[in-house]
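Working notes, structure below.
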Protein chains: 2
Amino acid sequence: MQASERPTIKDVAKAAGVSPTTVSHALNGKGVVRQETADRIALVAGKIGYRPSPIARGLQNSRLGLLALVIRPLRSLDTFLPEGVDYFLRMAGAASLAAMERGYSMMLVDDPTRPGAPLSATAADAYIVSEPFANDPVLTMLSERHIPFVSVGSDPARRGQFIELATRDWEETELALDHLAEAGAERVALLTGTDQNAWNRESEEAYLAWCERRGQTPDIAAFPEAEGERIGEAAIERFFGAATGTRPDGLFCLTGRHAAGLNAAAHRHGIRVPEDLLLAAGSGALQNRISQPSVTTLDLHPEGIAARAVEVAVHLAEGTPLTVPLEVPRATLDVRESTMRG
Amino acid sequence: MQASERPTIKDVAKAAGVSPTTVSHALNGKGVVRQETADRIALVAGKIGYRPSPIARGLQNSRLGLLALVIRPLRSLDTFLPEGVDYFLRMAGAASLAAMERGYSMMLVDDPTRPGAPLSATAADAYIVSEPFANDPVLTMLSERHIPFVSVGSDPARRGQFIELATRDWEETELALDHLAEAGAERVALLTGTDQNAWNRESEEAYLAWCERRGQTPDIAAFPEAEGERIGEAAIERFFGAATGTRPDGLFCLTGRHAAGLNAAAHRHGIRVPEDLLLAAGSGALQNRISQPSVTTLDLHPEGIAARAVEVAVHLAEGTPLTVPLEVPRATLDVRESTMRG
DNA sequence: GCTAGCACCCAAAACGGTTTGTGAAAAACG
DNA sequence: CGTTTTTCACAAACCGTTTTGGGTGCTAGC
């Protein structure tokens with residue numbers, strides 16, 4: 001008994017005095033095997049520590065039991081944190097766990113279309129692409145190679161063209177805006193990002209429609225997500241600077257870090273939150289929970305999104321019909337100090 | 001030409017009028033193939049969109065081009081965020097990128113020893129286990145199955161028994177403590193976690209030694225990492241409550257979220273930071289950067305740690321000798337308002 | 001002219017499983 | 001008792017690559 005080499009199905013077969021076929025059948029409950037024989041094989045397999053090789057098994061149907069999560073803004077991690085940091089960690093962690101629940105492992109992939117990308121980056125059974133860009137090359141490649149995938153949020157340039165988990169950007173935006181209005185805001189502005197994704201676009205559309213309904217003049221500013229909290233000063237200047245006409249008394253800030261930066265900058269400029277400005281953020285629970293004042297924030301429940309995305313991905317990988325609703329779970333609004341007057 | 005089926009090496013061989021062997025040799029530069037033939041094969045392969053199957057290739061040398069990152073506290077994501085949230089996201093993201101640079105993909109795995117764990121969870125070529133527990137079963141399993149792995153921080157119960165990336169807990173603790181002393185603290189306390197990992201243990205040892213050298217009485221409290229910011233009140237009671245003897249005027253808080261909670265609670269109790277209490281945190285840059293006051297924090301540079309861990313893992317996977325220093329890069333101290341008096 | 005050496009290519013085996021088709025023995029049937 | 005069916009196990013083919021070990025035809029050496 002040499003411990004160095006991993007035991008194969010042949011070793012089990014030899015030890016149990018049967019053929020590899022029978023071992024395979026017994027362990028997978030596939031063919032017709034006498035109960036007695038099956039038990040003996042299971043026993044022997046356990047004793048010599050046999051584990052079927054997922055690679056060899058995968059060669060049959062080209063399925064490895066592997067899913068991949070492509071978080072598009074991941075690359076930015078080199079130099080700075082992506083927007084909504086905790087959103088993506090919660091998502092990645094939950095996706096990994098949800099995958100395991102269903103018998104899959106989860107790869108975290110940056111960009112499988114990169115020239116030097118390893119083969120393994122395209123070896124997953126199905127892909128989850130979070131917040132694809134417009135005309136995202138990752139979606140194009142997956143589609144061309146007939147690799148199943150689901151995107152969380154649609155490719156803004158190709159809506160409905162692929163299988164996607166619809167986000168509720170529209171209704172989430174309304175939830176936040178309505179809350180600001182109820183809290184007493186009369187002129188609500190929108191602070192959005194510059195990335196070309198569905199979240200930014202649809203939130204803006206929803207905001208415009210909301211203004212239309214309320215008869216309010218829209219007031220929108222866009223800052224790069226990558227700037228994070230650093231936009232504080234610039235944003236204050238933009239909304240409250242000398243050149244500004246009517247100043248907002250309510251602000252919906254799509255990304256959490258923008259909200260955090262603005263929150264801090266407002267304090268420095270003597271703009272009181274919530275007295276002078278009601279502030280709500282669209283994502284990024286963590287940094288807004290502990291600031292002073294804490295900031296009212298949409299909780300998108302990335303765990304729920306991940307779980308559902310994994311569910312869809314598993315169906316795609318296994319070729320079973322999709323019975324899952326293709327929507328993310330509903331977001332909730334965590335009301336905090338920044339929108340509580342009095 | 002049927003577009004539905006993925007082209008195999010045989011299709012290329014047929015199209016180029018050669019044998020599969022020659023195709024393999026030509027594309028991998030292995031055997032002796034006439035330049036002309038190799039060019040033609042490459043051309044044909046490109047034309048029909050041939051991509052070698054990583055699974056079939058993996059079957060040869062039982063290597064898939066896959067690494068796995070095991071983040072032990074990942075499971076906690078279901079209900080709450082793990083300590084040092086951004087630490088682990090930065091680590092996971094950077095690890096994924098570093099792996100890709102070297103031709104590998106990165107799996108994110110919770111616990112491959114779980115009974116129902118998918119086979120694929122143990123299919124990686126090498127593992128990185130971040131902050132293993134004492135007698136961590138994951139390390140035990142990997143070791144038993146002769147799967148190469150490197151741990152970031154040692155298993156506290158089995159130090160030096162496996163290949164590990166030494167953390168600099170000791171010198172990092174001294175860095176923070178010295179800074180607190182220089183900033184004016186005379187009685188420095190330590191707030192640690194309850195997890196049985198190297199980080200907690202070694203920091204405590206370093207703190208005790210430091211106190212010994214300075215002739216100061218040690219003052220240590222431990223709270224569960226899982227409690228996060230919620231420990232604020234309890235920690236204040238512990239250090240500044242009525243029953244307390246000498247109160248600390250400096251505090252080194254190992255986890256960032258503990259520091260954040262304590263920072264907020266101190267404010268509520270009229271304990272001024274930094275005037276009454278100099279506060280430093282050992283991890284968790286994000287939440288401490290934007291609080292008021294902002295908190296001086298060790299930046300452990302998870303990207304650097306991940307990059308080095310990946311480097312080691314790749315060496316292990318490929319069986320090449322380890323030339324890399326088995327140490328994490330040096331941490332830096334981001335000095336912020338919580339330790340700046342005047 | 002015969003053998004060596006070389007350049008180039010290929011057939012077959014191997015990797016570790018699953019799937020398909022077949023055969024032998026035991027059981028059921030007339 | 002002969003025939004059909006059922007039960008159980010196995011041999012062989014297969015998945016898509018890489019690797020091993022030839023084999024062919026040409027050139028060079030004697």
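The values are calculated or read from the model by the stated rules, or taken from the named source; none is laboratory data. Remember, predicted model here, so these are calculated numbers, not experimental data. All Cβ positions, even for glycine, are placed from backbone atoms using ideal geometry, and neighbour counts span all protein chains on display.
Summary of values
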item	result
Subset of segment B:21-42 [within 29 Å of residue A:66 (Cβ to Cβ) and more than 9 Å from DNA strand C (Cβ to nearest atom)]	B:27, B:28, B:29, B:30, B:42
Single residue of A:216, A:161 found to be part of a loop (DSSP other than H, G, I, E, B), surrounded by fewer than 22 Cβ atoms within 10 Å (Cβ to Cβ) and in contact (Cβ under 8 Å) with a residue 24 or more places away in the chain	A:216
Qualifying residue in segment A:282-297 (condition: of a type outside the set (S, T, N, Q) and surrounded by fewer than 16 Cβ atoms within 10 Å (Cβ to Cβ))	no
Of all residues making up segment B:1-21, the number that are more than 43 Å from the chain's Cα centre (by Cα) and more than 14 Å from chain A (Cβ to nearest Cβ)	9
Yes/no for residue A:190 being away from chain B (no Cβ under 14 Å), of a type outside the set (Lys, Arg), touching a residue at least 60 places away in the same chain (Cβ under 8 Å) and part of a helix (DSSP H, G or I)	no
In segment B:43-66, the residues that are within 14 Å of DNA strand C (Cβ to nearest atom) and among the charged types (D, E, K, R)	B:57, B:63
Residue in segment B:86-101 that is part of a loop (DSSP other than H, G, I, E, B) and either on the phi > 0 side of the Ramachandran plot or free of Cβ contacts under 8 Å to residues at least 60 places away in the same chain (or both) present	no
Number of positions in segment B:102-149 that are within 12 Å of another protein chain (Cβ to nearest Cβ), surrounded by fewer than 20 Cβ atoms within 10 Å (Cβ to Cβ) and outside any helix (DSSP H, G or I)	11
Any hit, segment A:24-35, residues being hydrophobic (A, V, I, L, M, F, W, C), within 8 Å of DNA strand D (Cβ to nearest atom) and closer than 16 Å to residue A:57 by Cβ	yes
Pair list, Cβ < 6 Å and 6+ apart or interchain, from segment B:51-63 residues that are farther than 16 Å from residue B:105 by Cβ to residues that are part of a helix (DSSP H, G or I) and within 11 Å of DNA strand C (Cβ to nearest atom)	B:56/A:59; B:59/A:55; B:59/A:56; B:59/A:59
Filtered residues of segment B:47-61 (kept if assigned to a loop (DSSP other than H, G, I, E, B) and either near DNA strand D (Cβ under 6 Å from one of its atoms) or β-branched (Val, Ile, Thr) (or both))	B:48, B:52, B:53
Any chance residue B:96 is facing chain A (nearest Cβ under 7 Å) and under 13 Å from the mean Cα position of the chain (by Cα)	yes
Positions within segment B:239-256 being aliphatic (A, V, I, L, M) and crowded, with 19+ Cβ neighbours inside 10 Å, in sequence order	B:251, B:254
Residue match in segment B:7-20 (condition: crowded, with 18+ Cβ neighbours inside 10 Å and near DNA strand C (Cβ under 8 Å from one of its atoms))	yes
Single residue of A:317, A:266 found to be within 14 Å of chain B (Cβ to nearest Cβ), modelled with pLDDT of 90 or more, in a helix (DSSP H, G or I) and within 28 Å of the chain's Cα centre (by Cα)	A:317
Residues of segment A:292-314 satisfying the condition of being of a type in the set (D, E, K, R) and within 14 Å of another protein chain (Cβ to nearest Cβ)	A:299, A:303
Among the residues listed as B:276, B:249, the single one being in contact with a strand residue (DSSP E or B) (Cβ under 8 Å, 6 or more places away or on another chain) and away from chain A (no Cβ under 14 Å)	B:249
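Residue by residue, here is whether (1) under 17 Å from residue A:189 (Cα atoms); (2) in contact (Cβ under 8 Å) with a residue 60 or more places away in the chain holds:
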{"site": "A:237", "(1), (2)": "yes, no"}
{"site": "A:243", "(1), (2)": "yes, no"}
{"site": "A:249", "(1), (2)": "yes, yes"}
{"site": "A:253", "(1), (2)": "yes, yes"}
{"site": "A:262", "(1), (2)": "yes, yes"}
{"site": "A:269", "(1), (2)": "no, no"}
{"site": "A:288", "(1), (2)": "no, no"}
{"site": "A:294", "(1), (2)": "no, no"}
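Conditions tested, residue by residue: (1) under 26 Å from the mean Cα position of the chain (by Cα); (2) at pLDDT 90 or above; (3) among the basic types (Lys, Arg); (4) under 23 Å from residue B:341 (Cα atoms).
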| position | (1), (2), (3), (4) |
| --- | --- |
| B:202 | yes, yes, no, no |
| B:225 | yes, no, no, no |
| B:237 | no, yes, no, no |
| B:241 | no, no, no, no |
| B:248 | no, yes, no, yes |
| B:253 | yes, yes, no, yes |
| B:259 | yes, yes, no, yes |
